[in-house]
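Read through the structure below, which is laid out as structure tokens, and then see the notes.
The values are calculated or read from the model by the stated rules, or taken from the named source; none is laboratory data. Note that the structure is predicted; figures quoted are calculated from it, not measured. Using ideal geometry, Cβ is built from the backbone for each residue, glycine included, and neighbour counts are taken over all protein chains shown. These accessible areas exclude ligands, DNA and RNA; they are computed on the full protein's heavy atoms, side chains included. Shrake-Rupley method; radii C 1.70, N 1.55, O 1.52, S 1.80 Å.
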Amino acid sequence: GAFGYNAAQALQGKYSYIVDLKENVPIPKIEETLREHAKAGYDLIISHGFEWGKPAVKVGKEYPETKFAIFTGLVNSSNVASIYPMQQEATYILGALAAAMSKTGTIGFVGGERYPNLINIYEGYRQGAQDINPNVKLLVTYLDDWDNPTKGKRAAISQIDKGADLLLHVADT
């Protein structure tokens, strides 16, 4: 969120590009949002989130002159490109730090849902923790939800109640 906003502001201010920024687009509105921007004549549409991939390919067929970039995507076509960062390298370090700092030997991970990028993030965290402490206990909860603070809080408290003293969450709100 903040990274995308700051990048959009830099593009607009420094390079005088016209930028339209949409935040918190619900999944059922993704395709419609992409189509609206393509129809409006935007040359490049950058989408942040794995779930934007398939809709971008679909809308991209209708608007072949528009370029689409999906951050944390796995799809590609003639006008759709995916960026798939190696986030597991950073979470490896987080896992190693968590295992080294944990006083209980139990750490936690709360994820929005199981999809390839999030699995990589988790696996980096797990591997880093286990390389520091092969006996570390890792509690894992997938919420199957990205925007439910109550559900996330319950998952975190449950892990804390089971002894986790450090948590990593990748679950938006």
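Filter the stretch 21-63 down to residues that are β-branched (Val, Ile, Thr) and either more than 16 Å from the chain's Cα centre (by Cα) or modelled with pLDDT of 95 or more (or both), then give me how many there are.
Here is the first cut: in the stretch 21-63, the ones β-branched (Val, Ile, Thr) are 25, 27, 30, 33, 45-46, 57, 59.
This time we only want the ones that are either more than 16 Å from the chain's Cα centre (by Cα) or modelled with pLDDT of 95 or more (or both), so: 30, 33, 45, 57, 59.
Counting residues in the stretch 21-63 that are β-branched (Val, Ile, Thr) and either more than 16 Å from the chain's Cα centre (by Cα) or modelled with pLDDT of 95 or more (or both) gives 5.
Tell me the helices (runs of 4 or more DSSP H) entirely within the stretch 77-173 that contain at least 1 residues that are exposed (fewer than 14 other Cβ atoms within 10 Å of the Cβ) and in contact (Cβ under 8 Å) with a residue 60 or more places away in the chain.
87-101, 116-132
Could you check Lys58 against (1) assigned to a loop (DSSP other than H, G, I, E, B); (2) open to solvent by 70 Å² or more (accessible area, probe 1.4 Å) and say which number it fails?
All conditions are met except number (1).
Hey, among the residues in the stretch 1-54 that are polar (S, T, N, Q) and outside any helix (DSSP H, G or I), which one's most open to solvent (accessible area, probe 1.4 Å)? Working first, answer last.
The initial filter retains those residues of the stretch 1-54 that are polar (S, T, N, Q), namely 6, 9, 12, 16, 24, 33, 47.
Retained after the next criterion (residues that are outside any helix (DSSP H, G or I)): 16, 24, 47.
Numbers: Ser16: 96, Asn24: 146, Ser47: 4 Å².
Per the criteria, the residue is Asn24.
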